[in-house]
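The values are calculated or read from the model by the stated rules, or taken from the named source; none is laboratory data. Since the structure is predicted, the reported quantities are computational estimates derived from the model, not experimental observations. Neighbour counts are summed over all protein chains in view; Cβ atoms, including those assigned to glycine, are modelled from backbone coordinates with ideal geometry.
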Amino acid sequence: MAEMQGNIHSIESCGTVDGPGIRFVVFFQGCPMRCQYCHNPDTWDFNVNQKMTVDEILKKYEGVREFLKHGGLTATGGEPMAQMPFLIELFKRAKMRNIHTTLDTSGVTFDKNNLAKIDELLKYTDLVMLDIKHIDNEKHIALTGHTNTNILEFARYLSNKKIPVWIRHVVVPGITYNKTYLKRLGKFLATLDNIQALDVLPYHNLAIPKYENLKKPYPLKDVPPLTKEQAMDARNTIIEAMKNAKKS
């Protein structure tokens, strides 16, 4: 029987912002969301046929393993959980080789009626980097085209399962750079018991040339990048709201 194949966009052999240490980063092809600030629009389409097997990926990993000390393998995208059977097999086989596994996901495909596959995946997942795009559901729909209901449910589920999580939140002027929303996010995060890190990512517009090459309109072309000072202010606002919520 032919080995299972995944639809893979690309691989980065020495990633430094995709989990602890230096990472071997596997970009999965295909994503249901259309985030207005997405810097990988070339990973959206599910119908791009660049197939790889788990063996092929792990062989590439072993080729650079000596450079990945204190690191491991990160699945990102696109949306890795949209290819759940392949993702499970990749992480399962990685753990058999004592490889640290990180899942970088938006959680958009989480389905509480299909927990068997989720639990199987989490058995082989050391860390989840969870992107919370917007805490307000209506604003989330406007920003991404999807509700955030199942994403927040996934965050709670990970907390209940005691899976270590790094929260990622992109702060965009006029969209998520808003005291009310940042405080709401902090209040929500205070309800979770598994957060190991909070990455507040300042919005930038460096993906504009990529959109132009793909002949796709860039929705936020008139939005200025977030400054370092604004990013620090946003992070402080979230953390202060978390602390206040835990006290009350």
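A few comments on the model shown:
- Residue, farthest from Arg93 (Cα to Cα), within region 10-58, restricted to residues that are of a type in the set (A, V, I, L, M) and out of contact with any strand residue (DSSP E or B) (no Cβ under 7 Å at 6 or more places or on another chain): Met33
- Applying the condition of being of a type in the set (Val, Ile, Thr) and surrounded by 20 or more Cβ atoms within 10 Å (Cβ to Cβ) to region 60-103 and asking which residue is farthest from Thr16 (Cα to Cα) yields Ile88.
- Remark: pairs (first residue in region 186-210, closer than 19 Å to Lys247 by Cα; second residue exposed (fewer than 13 other Cβ atoms within 10 Å of the Cβ); Cβ separation under 6 Å; 6+ apart in sequence or on different chains) = Ala190/Lys246; Asn194/Lys162.
- Those residues of region 63-88 which are among the acidic types (Asp, Glu) and in contact (Cβ under 8 Å) with a residue 12 or more places away in the chain, in sequence order: Glu79
- Residue match in region 58-69 (condition: assigned to a loop (DSSP other than H, G, I, E, B) and over 15 Å from Ile99 (Cβ atoms)): no
- Failed condition for Asp42, given (1) out of contact with any Lys or Arg (no Cβ under 9 Å at 6 or more places or on another chain); (2) outside any loop (DSSP other than H, G, I, E, B); (3) touching a residue at least 60 places away in the same chain (Cβ under 8 Å): (1)
- Annotation: of all residues in region 112-125 being modelled with pLDDT of 95 or more and of a type in the set (D, E, K, R), the one that is surrounded by the most Cβ atoms within 10 Å (Cβ to Cβ) is Glu120.
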